[in-house]
Amino acid sequence: MKLILTTDFKKGLKIEYKGEPYEIIDFQHVKMQQRAPIVRTKMKNLKTGRVLEENFLAGEKFEKPQLEEKQMQFLYSQGDSYVFMDMESFDQISISKERIGDSLYYIKEEILVNVVYYKGEPLLIQPPMFVELRVKETEPAFKGDTASGSTKPAKLETGLVVKVPFHIQTGDILKIDTRTGEYIEKVKE
């Protein structure tokens, strides 16, 4: 198994630390006078969602976590659980709302997502990079609301609130970037 060194660190890299899978959020190489260099690291526990700040000695080694991705289709929600179907085996799994986190804002029935497993247990949901969601409610545009760069809030069908240009109306379908939660463009129907 290939080990990961602190010199390999980059944002989004996943490592195993103290028997748990972590994703590196931020890091900084620090050279200290008359001491060994360290790497200040901010990382997120993929099981609990907690953010941990740790200092590691430069050159320290970590194992790559045993993560497996499966493409699944979101079927429906049932209470605080969300049901997904494996597109190959047609097996269905239920994942808690808490575990899905903010990805909830980007999933609707029949959408395909990647479910990341850690040691056979569903860990997190990765929605597609872009999703198309319908505007559930937004303020109507008024004559004169044409200032370039001005925006208004719009609530989408999943509950996500995004800033949109004034010409967007209730019922419009918008393309949203799931990495940033930002409006990209209006989709032609």
Requested in this report: Consider residue 83 carefully, then state whether it is closer than 19 Å to residue 126 by Cα, more than 16 Å from the chain's Cα centre (by Cα) and at pLDDT 90 or above.
Outcome: yes
Report task. Considering (1) in contact with a helix residue (DSSP H, G or I) (Cβ under 7 Å, 6 or more places away or on another chain); (2) open to solvent by 40 Å² or more (accessible area, probe 1.4 Å); (3) more than 30 Å from residue 97 (Cβ to Cβ), say which one residue 56 fails and leave the rest. Result -> (2)
Query - Which listed residue, of 137, 98, 88, is acidic (Asp, Glu) and more than 30 Å from residue 20 (Cα to Cα) - result: 137
Query raised in the report: Listed residues 101, 49, 79; which is surrounded by fewer than 16 Cβ atoms within 10 Å (Cβ to Cβ), out of contact with any Gly (no Cβ under 6 Å at 6 or more places or on another chain) and over 20 Å from residue 179 (Cα atoms)?
Result: 79
Report task. State which residue pairs qualify: first residue closer than 18 Å to residue 113 by Cβ and inside the stretch 160-180, second residue assigned to a loop (DSSP other than H, G, I, E, B) and small (Gly, Ala, Ser) in any location, beta carbons under 7 Å apart, and separation of 6 or more residues or different chains. Result -> 160/181
Requested in this report: For the stretch 19-38, name all the residues that are surrounded by 14 or more Cβ atoms within 10 Å (Cβ to Cβ) and of a type in the set (Asp, Glu).
Outcome: 20, 23
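Return the residue satisfying two criteria in turn: it lies in the stretch 1-18 and is of a type in the set (D, E, K, R) and part of a strand (DSSP E or B), and of such residues it is surrounded by the fewest Cβ atoms within 10 Å (Cβ to Cβ).
Residues of the stretch 1-18 that are of a type in the set (D, E, K, R), as a first pass: 2, 8, 10-11, 14, 16, 18.
If we keep only those that are part of a strand (DSSP E or B) as well, we get 14, 16.
Details: 14: 18, 16: 16.
So the residue we want is 16.
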Query raised in the report: Which of (1) among the aromatic types (Phe, Trp, Tyr); (2) part of a strand (DSSP E or B); (3) open to solvent by less than 50 Å² (accessible area, probe 1.4 Å) does residue 166 not meet, given it meets every other one?
Result: (2)
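The values are calculated or read from the model by the stated rules, or taken from the named source; none is laboratory data. Please read all numbers here as calculations on a predicted model, not as lab measurements. Heads up, the Cβs are rebuilt from the backbone with ideal geometry, glycines too, and the neighbour counts pull from every protein chain shown. Each accessible area value is taken on the protein alone, full model and side chains, heavy atoms only, with ligands, DNA and RNA left out. Shrake-Rupley method; radii C 1.70, N 1.55, O 1.52, S 1.80 Å.
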